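First the structure, in the form of C-alpha cells, and then the observations on it.
What follows draws every value from the coordinates through simple rules; no lab data is involved. Just so we're clear, the structure is a prediction, and the values are computed from it rather than from any experiment. Neighbour counts run over all protein chains shown; Cβ positions are idealised from the backbone, glycine included.
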Amino acid sequence: LSGRPSSSMLAARAARLVPPSMSSHAGHAHSPFVCGGGGVVWCGGGVPLRRRLQVHASGSSSSSSIKVNDEDSRVSDESTIIQKLDVVQELESALLVACVHAGRGDDQSYRTNENVAAVNDAVEKLANVNTTNSSKTGTWRLAYASTPLVFRATPFYWLVGEMATNIFNVDAERDLFPLIGSLQEPLQANFGDIIQEVDGDLLRSRVQLSVLSGALSTTLVTTARTVPLTTTTSQAQVVVESSRVTQTPLSPILDAVDVPVESIFDAIGAASGKGASALKPVMRTIYTGEQVRVEEVQGVTMVFERQ
C-alpha cells in the first residue's frame with residue numbers, strides 16, 4: 001500500500017491522466033500550463049486564459065453547461081467555449097499527473113521539492129479558475145496530502161486536532177499528530193484508500209487500515225455534515241456526527257455500532273467552558289471540478305480525485 005511505484009507504473013498512470021489534446025501542444029512556445037506575465041495562464045498554442053476568466057461548469061463531463069465571462073470580449077462561439085472547458089480539464093489532468101509523481105504522502109522516499117512544487121503550481125492555477133457551479137457530490141479518493149500523516153485527511157482527526165488545540169492547548173501539528181504517526185511503524189500499520197463520499201452537506205469518510213502487516217484489516221467510517229460559514233464563502237464548518245469501525249473479525253456486530261461523536265465532543269466543549277464551537281474544524285474549498293477537488297484543513301492541503 002505504501003510501496004514506491006516503478007517508473008513504468010508512473011509513466012503508465014501519467015499517460016492515462018493526460019488528455020490527447022495535451023500532446024498536440026508540445027511543440028508550441030508556451031506549454032499548456034505556463035504562467036505568463038500580468039496574471040495570464042497560457043493554454044496550448046499560446047492562447048491566454050486570463051485569471052479573470054470565470055468558467056462555470058455543472059453536471060457531468062458528458063453533459064456540462066458552460067458560461068464564460070471575459071471582460072475583454074463577449075464569447076458567443078460555441079467552439080471557443082468548449083476550448084475553454086478543455087483548458088480547465090487539462091489543468092485538472094496536470095494536477096493529477098503531478099500528484100502521481102509526488103505520491104499520496106505516506107511514502108516520502110521519492111517526494112522531492114520539485115514534484116511538490118509542481119502540485120502547488122497546478123493547485124494555484126486551478127484556484128484562479130472559478131467553477132462555483134461544479135458539484136462536490138460524488139465519491140472521491142485521496143490522491144495527495146501535503147503531510148506524510150495521511151490520516152489527517154479524515155474528519156475524525158480534524159476534530160481531534162481542534163480538541164487538542166482549543167481545549168487542551170496542545171500544539172497538534174508539532175506534538176500530537178507526529179506522536180500518533182509514530183505508532184504506525186511498531187504496529188506495522190498501513191493506510192489503504194482514503195475515500196470521501198459527498199452528498200450535499202453530508203460527508204462520509206472511509207479509511208482502510210491494516211495492522212500487523214495485514215494480519216488485521218478494518219475500515220474506519222466517519223460521518224459528518226458541513227455548514228457553510230456564509231453563503232458567499234468557500235469555508236464551512238465540519239460537524240463530525242458519528243464514527244464506527246467496520247469489516248473487523250467482530251463484524252457484523254461492530255458494523256452496526258455508531259459512536260455518537262458529536263454528542264461526546266459537545267459535552268467536552270461544554271465542560272471546558274469553551275462551548276461546542278471550539279470543536280468545529282473549518283474546511284476551505286480551494287477548487288472543485290469534474291475530475292479533482294482541493295481542500296485545506298488545519299494547514300493541510302488535500303487533493304481528491306473523483307471516482
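What the table below lists for this structure:
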| item | result |
| --- | --- |
| Counted charge near Gln298, where neighbours are those whose Cβ lies closer than 9 Å (Asp, Glu -1; Lys, Arg +1) | -2 |
| Cα radius of gyration and Dmax for region 177-307 (Å) | 16.5, 48 |
| Nonlocal amide H pairs with Val292, under 5 Å, H built at 1.01 Å | Arg306 |
| Percentage of interatomic Cα-Cα distances in region 111-184 larger than 17 Å | 62 percent |
| Mean separation of Cα contacts under 8 Å (6+ apart) over length of region 170-248, as relative contact order % | 21 percent |
| Residues with amide H under 5 Å from that of Tyr144, placed H, sequence gap 5 or more | Val303 |
| Karplus (6.51, -1.76, 1.60) ³J(HN,Hα), θ = phi - 60°, over region 263-271, in Hz, Gly and Pro reported as x | 5, 5, 6, 4, 5, 5, x, 5, 5 |
| Computed E for Asp121/Leu179 - FRET, C-beta separation, R0 30 angstrom, nearest 0.05 | 0.40 |
| Loop-resident sites, region 81-183, for chymotrypsin sites (Phe, Trp or Tyr not before Pro), counting at most 12 other Cβ within 10 Å (DSSP) | Tyr110, Phe168 |
| Extended-chain gain in nm, criterion 0.36 nm per residue less alpha-carbon gap, Gln235 and Thr248 | 1.2 nm |
| Within-11-Å neighbourhood charge of Gly192 [Cβ basis; K, R +1; D, E -1] | +1 |
| For Ala224, net neighbour charge (Lys/Arg +1, Asp/Glu -1) across residues whose Cβ lies under 15 Å away | -2 |
